[in-house]
Number of protein chains: 2
Amino acid sequence: MSATEHFSDRAAGVPRLDALMAPRSVAVVGASNDPTRFGGRILQYLTQSTFSGPVYPVNPGRSEVQGLKAFPSIDELPGAVDCALLAISAEDTEAAVEACIRKGARSAVLFGAGFSEIGAAGAARQARLAEQARAAGLRLLGPNCMGLVNAHAGFYGTFASALEDGLPPPGRIAVASQSGGYGGYLLRHLFLRGLGVSHFVTTGNESDVDIGEVLHWLAGQPDCDVLLGYVEGVRSRDSFVAALELAQRNRKQIVMMKVGRTAEGSAAAASHTASLTGEDAVYDALFRQYGVWRARTSDELLDVAYAASKGRLPQGRRVGVISISGGVGVQIADFVSDAGLTMGAVPEETKAALRELVPNCAPNNPIDMTGSVTNNAELMEKTADAVLAAEAFDAVVVFIGIAGAAPSMAGPLQAALSRAYARHPDKLLFVSVTASPEMVRGYDQQGFLVFEDPARAITALQALTYFQAERERPRSVAAPGSGREPIEIPAGGFNEAAAKALLTKVGVRSPKEALVRSADEAVAAAETIGFPVALKVVSADILHKSDIGGVRLQLRDAAAVRSAFEHMSDVVPARAPEARIDGYLVSEMVVGGVECILGVTTDPVFGPVVTFGLGGVLVELLKDTSCRLAPVSEDEARAMLSELRTAPVLTGYRGEPAHDLDALAKAIAGVSRLAADHAEDLATIEINPLVVRPGDGGVVALDALIEAHKPEQRDGFPAH
Amino acid sequence: MSATEHFSDRAAGVPRLDALMAPRSVAVVGASNDPTRFGGRILQYLTQSTFSGPVYPVNPGRSEVQGLKAFPSIDELPGAVDCALLAISAEDTEAAVEACIRKGARSAVLFGAGFSEIGAAGAARQARLAEQARAAGLRLLGPNCMGLVNAHAGFYGTFASALEDGLPPPGRIAVASQSGGYGGYLLRHLFLRGLGVSHFVTTGNESDVDIGEVLHWLAGQPDCDVLLGYVEGVRSRDSFVAALELAQRNRKQIVMMKVGRTAEGSAAAASHTASLTGEDAVYDALFRQYGVWRARTSDELLDVAYAASKGRLPQGRRVGVISISGGVGVQIADFVSDAGLTMGAVPEETKAALRELVPNCAPNNPIDMTGSVTNNAELMEKTADAVLAAEAFDAVVVFIGIAGAAPSMAGPLQAALSRAYARHPDKLLFVSVTASPEMVRGYDQQGFLVFEDPARAITALQALTYFQAERERPRSVAAPGSGREPIEIPAGGFNEAAAKALLTKVGVRSPKEALVRSADEAVAAAETIGFPVALKVVSADILHKSDIGGVRLQLRDAAAVRSAFEHMSDVVPARAPEARIDGYLVSEMVVGGVECILGVTTDPVFGPVVTFGLGGVLVELLKDTSCRLAPVSEDEARAMLSELRTAPVLTGYRGEPAHDLDALAKAIAGVSRLAADHAEDLATIEINPLVVRPGDGGVVALDALIEAHKPEQRDGFPAH
């Protein structure tokens, strides 16, 4: 994609970070001649690089540092400073930031530790700095970070030891990491793999600039295609979501590691970052919503970034496997299936062609060409050519294992595969080979993807297939809200009737029902609604009604209704003497359908999150639910349903009828819209059960619970 | 373990393979001077090795091959031959096998292809050879295999190109693979990792010796500790199960890759090996039953074998993490949790000690010691020492990342960690470091475990923890059967009443019930049993009774029973005119409890397999069932229950009562015993639902289906 086609990052209203990320002039405060000191190493990288703007070393004791004219203070610098790199201690930072402000510097990078990560005193120091900078319009990166690199601009504002063996070649992968240490680790691994880097940014304590802003800026850059992110916890929803949206519009692939997936990890992250991290499941939902690939391990993170950096995506899920060992072919078929991909069927004419090449081959997929093809480059070329040419595969995996490392054969095999690949530019080719790093590099330079273990090749292919599917997925925007007319929160909170009334406004109907206060009223209501009916106590103070005899179902006639009312109005007040009882609800019995749960909770970072799943204890145990940030469109609601392993129960399993998925998608979208429009007011919504009826029978909320935020929390979550 | 403590492999009655696996004399038929030919390469390896017995090259055209006296034919060999290595074409093999038999050779290895893997003609040739050899007592390995190695004996009967760079050092890992190609791949990777090998055996088409026999022989050898297996499909239950049992008794760890896990892979395996492979879930069950670690990828297979080869197992699940980056610490905490391990709590005195070493460290687990410890070997030693000494961790993971590769620091860090480790021989230490292969070797030689990606370290630790837990798990043998008195199979098959009667014999009770043939009998029976009752038609020909009105529940009085009987005896014969109706069953209504499914199916390889899970469509969709080869003991039945994610429904979830697990374990054991004792007769058993009642209420089979094998299949599956 050319620069002109790029959507600008200005559109979203996120402040631009150009002065920090692509400065035209740089000061190194604490510059040193000693490359083992931070201020020495930073300056060394900068002087080795192709940075074209002025670099000002600041050091009160020297007139020259590393061959550049040095200045005794920030105030005495001879020109404007876009970015000041502060390689100084925490104690000296406050004065330096003040000087930056006086000088009119536009951004500063704070490398030093000794801030919020060490406790209350450090946090207070960090807050003072951030406040000062914010007031003056000075953007801060860090503190406690490893700085940043803009390779295409030759700007190296980092002391990362990962660069000691050389600066990585400028490339199209951008790295954004909250952790400096792990960011450096990734940088080193990209270098070891020979992968080029466009940007490298670490945000550390995020006193000002956060990971979302960095990703958003990167998503607007034409000189990177792949964003590789490492996140411990997001501080602000808006910049992060804006970044994912912009990356999607600009067709950049994001590969992300978000740690703290598990309870153990989350506890560790909280104590490490001392920030609210949000529920992990919400990150999963967000990543799915925006087509981000979430990597579990460093290997996977780097593998997927590598694969995405080649710039080809598969057009479908059909994989062809060429192996020199039947056993490994079977293994790869397993990996293909694990990944949700399929083994394509080899066309008969391709089989015939393969048999002509190697008479004792096994031409069914996985294709076993025996060792012959690794002893004869021409056979390899013709084999790869025949399989790539077959209109049966979107990606082809060639396993040559240890046979590809024979010094006499590696070159010819590389060339053979390269020639075949060049003739099929719409297909993907993976080569699985065991060889020395240099020899692997030789394979890699042919343009196809190279992995040692075929399992990792298939995981990378799975990610590329996901990226392509996400590009093609309908991604309608959630419908606009109902004008956000304010809702009234009942003084004592929402009882069931009030909750259901509010839900009716967004199109989720309840059973026919009537609030009654006497046995006579109950019987009359039941006769209007039609038997059988249910009877329930109505009270905002009683959460588990059935536990105290507050629910009776399947009342078949007037006598049963009367008797049930008399008994319930007797025992419930006795068993819950503190509860304020608003009356009793006579309801239509809803028969048939599948009981589900639809709910909204408020995430401390991301605000309202809508969750859907089938009802019942088994689904709870097996954790088969799906969630999204609210609001969601009906399309996205359908995507949520398709993620459930229990979805067949709704779509019609074993001859059962299909249920009303249109109405269900509408209900999910409507409830999510309600929650998003009124995020300031509503803390939780739970419809349990929501009955989804067969055919076009719609959905019915049998019970509903809505809780408002406590008044003091109402400002926390603005509406989206 | 010393050799004398080893259980012999003779005990199990499996024929010994010494002549093949540890021959005292070897002939190479097809011996050649050209090391690029199979017969040349095999002889080359043998002459390079320390094999102490005679090696006889056989070549009709030469008097000397590779410096050894050659013989024109097998018949003319001057001495006895334990093992003949037949490096000849499929066409020549039959005559060579005949000559081996004439000569009295005890085993032969058939390398050549052109047998069952190429179709019917090859399969017939293979069957003829196998029959000839079997009759003469000549054991065959292969055909279509890569031969074998016994490194401690210096016996190299293989042409594996993986050995071209040198024979691997004799070690304690044995490799057994059905695939020659993949076996060679593993051998090469073990060599690249510097790991020693004791044996390497590939079984190819398994005309005679199968993978189970090989594993069984290896399990009896004192000179290996770790068995690394690759399996596509087992041909015979007995040798395979005997191998797992013997390995367990001799405390050898088995790491196994079984391919064809998925439908796609299984289809590929079947077409590749042309043999019945058995249901993949059965392998899972078998591996769990015998404490085998099943690896999914080659990396995992090799990682776990490497970790197990060090010979230390963790004594518990508590992990301590020392990191130089907070972010990576959080990542590792996630991996620990994923693996079912726990992050141990750092004792206060350890925290104090760590703060004394590095004042700004974060001493909670994961412990972040900052980069200080990688710049100062003494600090590293003291840190590792303090954490290993704390009685809080069974294993410690040190992440030093790219900092461990600095040439000046690698040596001192290795020595520091080595000294600390030596002082805590009961603990496990993992080091996660990014460095060159040579430098990694340097770390590895200190005795602790070295991995680059910490995710892989934790997977290896998970496997070691599993091995230790499996050693400690009670593993009672299934109770002996009831003397295997023959059971009578009703002429028309088992109807529900007959099935329930048979289950009652193994202690699984049914509801109180009576078979009736008239409305009067039905009412009388209901009055004896007590209301409410259920009424069901009894017919072996009707599988889905409720579909045709053959089931009525909750009949509360005599009138209801009479009316139900009259209606049912009217409609059922009309709707199922072909069915033979044996009468109607009046049953006690069982209330309360959890509905489950207990069943037995017959696997084509492994025979009867018992499966248990909760009832209902959700469990089916979410595939939460557990199975084992029959019979199982009650202990093993409890282990089955503990594997279910839905187990809390039985053990008491959210204030619900616990259910009768004792009775359930007895029922699973009893039914599995029935199936095993009568494997010749019974094909399937399905109790659905089996109601497990609260407290000590026992279990009740509400419905039961038993199918006998068709008469012609009855001989297939002998009782165990």
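The values are calculated or read from the model by the stated rules, or taken from the named source; none is laboratory data. Note that the structure is a prediction, hence the values are computed from the model and not measured. Counting neighbours? That spans all protein chains shown, and the Cβs are built from the backbone with ideal geometry, glycine included. When the accessible area is computed, the model is the full protein with side chains, heavy atoms only, and any ligands, DNA or RNA have been set aside. Shrake-Rupley method; radii C 1.70, N 1.55, O 1.52, S 1.80 Å.
To the nearest 10 degrees, how steep is helix A:298-309 against the longest Cα principal axis of chain A, on a 0 to 90 scale?
Computed tilt is about 70 degrees.
Note the angle between two axes, namely the Cα long axis of helix B:519-529 and the longest principal axis of the Cα atoms of chain B, as a number of degrees from 0 to 90, rounded to the nearest 10.
Approximately 60 degrees, to the nearest ten.
Considering the convex hull of the alpha carbon atoms of the range B:3-260, report its projected area averaged over all viewing directions, in nm², one decimal.
Computed as one quarter of the Cα hull surface, the answer is 12.9 nm².
Rounding to the nearest 10 and keeping the result within 0 to 90°, find how far the Cα-based axis of helix B:326-338 lies from the longest principal axis of chain B.
Value to nearest ten degrees: 50.
How many Cβ atoms of partner chains, on average, are near each residue of A:362-374 if near means within 10 Å of its Cβ?
Mean number of neighbouring Cβ atoms from other chains: 2.
Pull up all non-local amide H partners of A:I254: gap of 5 or more, or a different chain, and H-to-H distance under 5 Å with H placed in the peptide plane.
A:L227, A:W293
Measuring nothing but label to label, 7 Å from Cα along Cα→Cβ, what are A:F287's distances to the other copies in nm, shortest first?
Going from nearest to farthest copy, the values are 2.5 nm.
A:A80 to B:H424: FRET efficiency via 1/(1 + (r/R0)^6), r the Cβ-Cβ distance, R0 56 Å, to the nearest 0.05?
About 0.45, to the nearest 0.05.
Per Stokes-Einstein, at 37 °C and 0.692 mPa s, what whole-number D in µm² s⁻¹ belongs to the range A:312-472, with the Kirkwood radius over Cα pairs as the hydrodynamic radius?
Value of D from the Cα-based Kirkwood radius: 215 µm²/s.
Starting from the Cα gyration tensor of the protein assembly as shown, take the square roots of the eigenvalues, sort them a ≥ b ≥ c, and report rounded, prolate or oblate (rounded when a/c is under 1.5, otherwise prolate if a/b is larger than b/c, else oblate).
Oblate.
Normalised radius of gyration for the range B:522-655, please: alpha carbon Rg relative to 2.2 N^0.38 Å, two decimal places.
1.34
Go ahead and run the numbers for FRET between B:Q48 and B:S436, Cβ-Cβ distance against an R0 of 35 Å, rounding to 0.05.
With R0 = 35 Å, the Cβ-Cβ based efficiency is 0.75.
Rounded to the nearest 100 Å², what is the sum over both chains of accessible area buried where B meets A, with a probe of 1.4 Å?
Counting both chains, the buried surface is close to 5100 Å².
Which distance in nm do the two modelled labels at B:A415 and B:A95 give, with both placed 7 Å along the Cα-to-Cβ direction?
According to this spin-label approximation, the distance is 6.7 nm.
Averaged over its residues, how many other protein chain Cβ atoms are within 10 Å of peptide A:184-191's Cβ atoms?
3
In Å and whole numbers, how far do the C-alpha atoms of the range B:172-268 stretch along each principal axis, longest first?
Projected onto the principal axes, the Cα atoms of the range B:172-268 cover 36, 33, 24 Å.
Contact order normalised by length for chain A, with contacts defined as Cα pairs under 8 Å and 6 or more residues apart; what percent is it?
The value is 8 percent.
Given B:K310/B:K382; A:K252/A:K623; B:K512/B:K545; A:K536/B:K545; B:K500/B:K710, which pairs have Cα atoms separated by over 29 Å?
A:K252/A:K623; A:K536/B:K545
For the full complex of protein chains and a 1.4 angstrom probe, list A:S63, B:S32 by accessible area with the highest value first.
From most exposed to least exposed: A:S63, B:S32.
With a ≥ b ≥ c the root eigenvalues of the C-alpha gyration tensor of the range B:373-440, is it rounded (a/c under 1.5), prolate (a/b larger than b/c) or oblate?
Since a/c reaches 1.5 and a/b is larger than b/c, the shape of the range B:373-440 is classed as prolate.
Assign unit charges at the C-beta atoms only (+1 for Lys and Arg, -1 for Asp and Glu), then state the dipole size of chain B relative to its Cα centre in Debye, rounded to the nearest 20.
Result for chain B is approximately 1220 debye, rounded to the nearest 20.
List the residues whose amide H sits under 5 Å from the amide H of A:T158, counting only those 5 or more places along or on another chain, with H placed 1.01 Å from N in the peptide plane.
Hits under the 5 Å cutoff: A:L148.
In square angstrom, rounded to the nearest 10, how much accessible surface does B:V551 have for a 1.4 Å probe?
For B:V551, solvent-accessible area is about 40 Å².
Which of A:V700, A:G340, A:A386 sits farthest toward the positive end of the charge dipole of the protein assembly as shown, with +1 on the Cβ of Lys and Arg and -1 on the Cβ of Asp and Glu?
A:A386
What is the dipole size for the range B:3-260, taken about its Cα centre, with +1 at each Lys and Arg Cβ and -1 at each Asp and Glu Cβ, in debye to the nearest 20?
340
Within the range B:287-331, list the residues whose amide N lies under 15 Å from a label point set 7 Å along Cα→Cβ of B:Q445.
It comes to no residues whatsoever.
On alpha carbon coordinates alone, what is the Rg over Rh value for the range A:445-535, Rh being the Kirkwood radius?
Over the Cα atoms of the range A:445-535, Rg/Rh equals 1.40.
Heavy-atom accessible area of B:R441 with all protein chains present, probe 1.4 Å, nearest 10 Å²?
Number for this one is 90 Å².
Calculate one ³J(HN,Hα) per residue across the range A:624-629 by plugging θ = phi - 60° into the Karplus curve 6.51 cos²θ - 1.76 cosθ + 1.60, and present them in order as whole Hz with x for glycine and proline.
Listing the rounded values in order: 9, 10, 9, 9, 8, 5 Hz.
On each of the three principal axes of the Cα atoms of the range A:594-713, give max minus min coordinate, whole Å, ordered largest first.
Result, largest extent first: 52, 28, 24 Å.
Per residue of the range B:570-584, what does 6.51 cos²θ - 1.76 cosθ + 1.60 with θ = phi - 60° give for ³J(HN,Hα)? Whole Hz please, x for Gly and Pro, Karplus curve as stated.
Coupling constants for the range B:570-584: 8, 7, 5, x, 5, 7, 10, x, 7, 6, 7, 9, 8, x, 10 Hz.
Alpha carbon centre of the range A:289-313 versus the range B:289-354: separation in Å?
The two parts, judged by their Cα centres, are 26 Å apart.
Got a sec? Charge dipole of the protein assembly as shown, +1 on Cβ for Lys and Arg, -1 for Asp and Glu; which of A:A630, B:I581, A:L598 is way out at the positive end?
A:A630
Could you work out Rg/(2.2 N^0.38 Å) for chain A, with Rg from alpha carbons only?
1.16
What gaps in nm, shortest first, separate B:R471 from its twins in the other copies when you place the label 7 Å past Cα toward the beta carbon?
5.3
Could you give the distance between the Cα centres of the range B:162-207 and the range B:49-120, to the whole Å?
That distance is 22 Å.
Taking H as built 1.01 Å from N, whose amide H comes closer than 5 Å to the amide H of B:G196, not counting residues under 5 places away?
When sequence neighbours closer than 5 places are left aside, the close amide H contacts are B:R172.
Would you work out which of B:L141, A:V537, B:G447 lies farthest towards the positive end of the dipole of the protein assembly as shown? Charges go on Cβ: Lys and Arg +1, Asp and Glu -1.
B:G447
Placing the label point 7 Å from Cα along the Cα-to-Cβ direction, what are the distances from B:P412 to the equivalent spots in the other copies, shortest first, in nm to one decimal?
Label-point separations across copies, in nm and ascending: 5.2.
Give me the one-decimal nm value for the distance between modelled label points at B:S642 and A:S63, 7 Å along each residue's Cα-to-Cβ direction.
About 7.9 nm, to one decimal.
Sequence neighbours fewer than 8 away in the same chain don't count; with that in mind, list the aspartates and glutamates whose C-alpha is under 14 Å from B:K351.
B:D368, B:D385, B:E391
Tell me, what HN-Hα J-couplings in whole Hz come from the Karplus equation 6.51 cos²θ - 1.76 cosθ + 1.60 at θ = phi - 60° for each residue of the range B:133-150, using x for Gly and Pro?
5, 4, 4, 9, x, 8, 7, 10, 10, x, x, 6, 10, 9, x, 8, 9, 10
Just to confirm my numbers, what's the Cα centroid distance between the range B:639-694 and the range A:218-252 in Å?
51
With a Förster radius of 45 Å, plug the Cβ-Cβ distance of B:A136 and B:D696 into 1/(1 + (r/R0)^6) and report the FRET value to the nearest 0.05.
Efficiency at R0 = 45 Å is approximately 0.15.
Which whole-number percentage describes the relative contact order of the range B:512-588, with Cα contacts under 8 Å and a sequence gap of 6 or more?
In percent, rounded to a whole number, it is 50.
Counting partner chain Cβ atoms within 10 Å of every residue's Cβ in A:643-650, what's the average?
Other-chain Cβ atoms within 10 Å of each residue's Cβ, averaged: 2.
Would you work out the charge dipole size for the range A:593-720 about its Cα centre, treating the Cβ of every Lys and Arg as +1 and the Cβ of every Asp and Glu as -1, and quote it to the nearest 20 debye?
Rounded to the nearest 20 debye, it is 280 debye.
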